[in-house]
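The values are calculated or read from the model by the stated rules, or taken from the named source; none is laboratory data. Because the structure is predicted, anything quoted here is derived from the model rather than measured. For neighbour counting, all protein chains shown are included, and Cβ atoms are generated from backbone atoms with ideal geometry for every residue, glycine included. Only protein heavy atoms, including side chains, enter the accessible area calculation; ligands, DNA and RNA are left aside. Shrake-Rupley method; radii C 1.70, N 1.55, O 1.52, S 1.80 Å.
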Amino acid sequence: VKIGFIGLGSMGREIATRLQGAGHELVVHDIRPEAATAFVTAGGRLAADPAEVMREADVVFTSLPEPAVVEAVALGARGLIESAQPGKAYFDLSTNSVTTVRELYRRFALEGVAVCDAPVSGGPAGAAAGKLSIYVGGDEPAFEAHRGLFDTFGDNVTYVGAIGAGTIAKLMHQCAGFIVNAAIAEVFTVGVRAGVEPLALWRALRSGAVGRRRTFDGMENQFLPHDFDRTTFTLTLAHKDARLATEVGREFDVPMRLSQLAFDDMCEGLERGWAARSSFVTMLLQEERAGVHVEVPVEVLRKVLEAE
Amino acid sequence: MRIGFIGLGTMGGAMAASLQRRGHDLVVSDVRPDAARELLDAGAAWAGSPAAIADLVEVVLTSLPGPDEFEDVALGPGGLVQSVRPGTVIVDLSTNSPKLLKRAHHSFAQRGVQLLDAPVSGGAPRARDGTLTLWVGGDEHAFETVKPALDAIGSQVLYMGPIGNGTVVKLVNNSVAIAINQVLMEGLTLGTKAGVEPKRLWEVLGRGSLGQLRIVDRMAALFLRQVEPVGFRLGLAQKDVLLARELAAESGVPLRLIDAAYSELVEAVNAGLADQDVVASTALQERRANTDIVLTRAELESDTDR
């Protein structure tokens, strides 16, 4: 298959290099033509615009900075859509808006072109090493047909669901990371201001139960199966710890915004009569606020873990 | 009435002067003897310690920066508890901790002494005029005994029930007033950064529903939770806050408290309240706090203090 690649920035450049290095024929485009030089030298072709890329290629990737740029490249003047033909596939690797990728899916489907959103995680270094995580949503047969292409730059390629699912997974992953960063800043500033040496604090925090666990591990025990009643760490105990922790913040004049939010949820949980339930039980409050139920049966979880 | 007064800072000094102006005989004390000069010139007596004051009078008022100072003055070495006589009434005018007040109340009660909490509202100008509002908690008989003295300090001296209840009102008053300042700051920075001159913002907001809002009316609406007829539909309120949120994102203005309000409205919509009046979301906080604040109009309009 001939591959089109648009957007040769810090991520796109590395991914396109992996594809070319795996022996695929490349037609590339970037608003800065000089970004294409290395690819042309290695035997690729520089197209004048996205429409030309789509005309020549069987499969087109875009790796672009933001939704407005993806829209212009895909649907604008001399955009991909102008030369769309049935049987081609378009994979957007950008971190895009869910609405935009769903709109692309709809518009290209009318032309017979399969679309997947396939945002990546791992940064330029991960891309260069072929070790990106890729979250794919959209046309599953098209993804399966070209899975080998994704394997040249990703070592963790996951089909998440219908169009937009990859983007949602990526955005929620990012968001979890941002919250964790903010929380870490909060607890470190309190700890250091209250008198603990930063290095000692870092070493201590890493060695604890939370520190040893990968962020999304452990959810299979309580949150996902909704089993909040078998526990050794009750909401009462967690509430007590959170109260003591936020007292430290108050004593040393450090604002603890996120901690205070978590503590407020615990207070609310106690008022619901959940004192003896697991400390994770406050996750039910957010489900209620969101009007959604998040549950995976325990036997399904067990199968997934056994397969790993 | 001869009255002891401890703590002659900005508020305490002004309140002591009001008492003196209205003919009360004062014995005063402060960690900074300088602070007493004008009162002493006008005839007050000086006492070297709280214990020395307790020895001389049967009504003692304290106006101190906070719980730590109150604990020293009331219960510490050289404190009131050392020499206070049975029958004495101590009135703490500070903004204090309800927990500490209850503990001190218990210690004094064992000596036949009543402690009242009577935090004041109105700031220095009204302290000087003797027109503060006082919210008083503690023994009602003791309250009646000292009320003539408290009337010299405040034009509104309101009995609130058991010890600590005056402080509960004061803490609600101050924390909400401070949060309102902060949410106003969010709105004013948004308005300015999004392109409206601050001067113009000041002039025109005053003429809108926010500027015309009386907090006391808003509280009445919440207590009554009058959801019919629907005045401002909750779903529309959510849309308006969302638009402000988007404007703030474009303008580069963080809106921490307004974001919290937005989350509250989303939660209310998910709870099926979109078509009700915006005050219906009160139910969410009530459920969280596991308490009910709803009043009937008849209850709201009857006056406890009359």
Just a yes or no: is a residue in segment A:61-76 free of Cβ contacts under 8 Å to residues at least 40 places away in the same chain, crowded, with 20+ Cβ neighbours inside 10 Å and more than 23 Å from residue A:142 (Cβ to Cβ)?
no
Between A:287, A:306, A:268, which is charged (D, E, K, R), part of a helix (DSSP H, G or I) and surrounded by fewer than 12 Cβ atoms within 10 Å (Cβ to Cβ)?
A:306
On the basis of being away from chain A (no Cβ under 14 Å), of a type outside the set (Ser, Thr, Tyr) and touching a strand residue (DSSP E or B) at 6+ places or on another chain (Cβ under 8 Å), does residue B:207 make the cut?
no
Could you list all residues from segment B:222-261 that are within 12 Å of chain A (Cβ to nearest Cβ) and surrounded by 14 or more Cβ atoms within 10 Å (Cβ to Cβ)?
B:257, B:259
In segment A:216-257, anything open to solvent by less than 60 Å² (accessible area, probe 1.4 Å) and assigned to a helix (DSSP H, G or I) is listed as A:235, A:238, A:239, A:242, A:245, A:246, A:248, A:249
Can you confirm whether residue B:28 is of a type in the set (Val, Ile, Thr) and in contact with a Phe, Trp or Tyr (Cβ under 7 Å, 6 or more places away or on another chain)?
yes
Using beta carbons and a limit of 9 Å, which pairs, at least six apart or on different chains, have the first residue in segment A:229-257 and under 25 Å from residue A:181 (Cβ atoms) and the second one part of a helix (DSSP H, G or I) and among the acidic types (Asp, Glu)?
A:249/A:186; A:254/A:186; A:255/A:186; A:256/A:186; A:257/A:186
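Quick check: anything in segment A:11-23 open to solvent by less than 20 Å² (accessible area, probe 1.4 Å), more than 20 Å from residue A:143 (Cα to Cα) and not basic (Lys, Arg)? Walk me through it before giving the result.
Let us first name the residues in segment A:11-23 that are open to solvent by less than 20 Å² (accessible area, probe 1.4 Å), namely A:12, A:15-16, A:19.
From the residues that got through so far, the ones that are more than 20 Å from residue A:143 (Cα to Cα) too are none.
No - not one qualifying residue is present in segment A:11-23.
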Among the residues of segment B:209-263, how many are outside any loop (DSSP other than H, G, I, E, B) and more than 29 Å from the chain's Cα centre (by Cα)?
19
Do any helices (runs of 4 or more DSSP H) lying entirely in segment A:128-209 carry at least 1 residues that are more than 17 Å from residue A:90 (Cβ to Cβ) and within 12 Å of the chain's Cα centre (by Cα), and which ones are they?
A:165-193
Would you mind telling me which numbered condition in (1) closer than 21 Å to residue B:179 by Cα; (2) away from chain A (no Cβ under 13 Å); (3) of a type in the set (Asp, Glu) residue B:286 fails?
(2)
If the requirement is being surrounded by 15 or more Cβ atoms within 10 Å (Cβ to Cβ) and either free of Cβ contacts under 8 Å to residues at least 40 places away in the same chain or more than 30 Å from residue A:304 (Cα to Cα) (or both), which of these qualifies: A:210, A:180, A:187?
A:187
How many of the residues in segment B:267-282 are touching a residue at least 24 places away in the same chain (Cβ under 8 Å) and either open to solvent by 40 Å² or more (accessible area, probe 1.4 Å) or in contact with a Gly (Cβ under 6 Å, 6 or more places away or on another chain) (or both)?
5
Of the residues in segment B:151-163, those that are surrounded by 18 or more Cβ atoms within 10 Å (Cβ to Cβ) and out of contact with any His (no Cβ under 8 Å at 6 or more places or on another chain) number 5
Do we have residue B:26 as part of a loop (DSSP other than H, G, I, E, B) and buried (at least 21 other Cβ atoms within 10 Å of the Cβ) here?
no
Spot the failing condition for residue B:272; the list is (1) at the interface with another protein chain (Cβ under 9 Å from one of its Cβ atoms); (2) part of a helix (DSSP H, G or I), and only one is missed.
(2)
In segment B:116-143, which residues are of a type in the set (A, V, I, L, M, F, W, C) and either buried (at least 24 other Cβ atoms within 10 Å of the Cβ) or touching a helix residue (DSSP H, G or I) at 6+ places or on another chain (Cβ under 9 Å) (or both)?
B:116, B:118, B:120, B:124, B:127, B:132, B:134, B:135, B:136, B:143
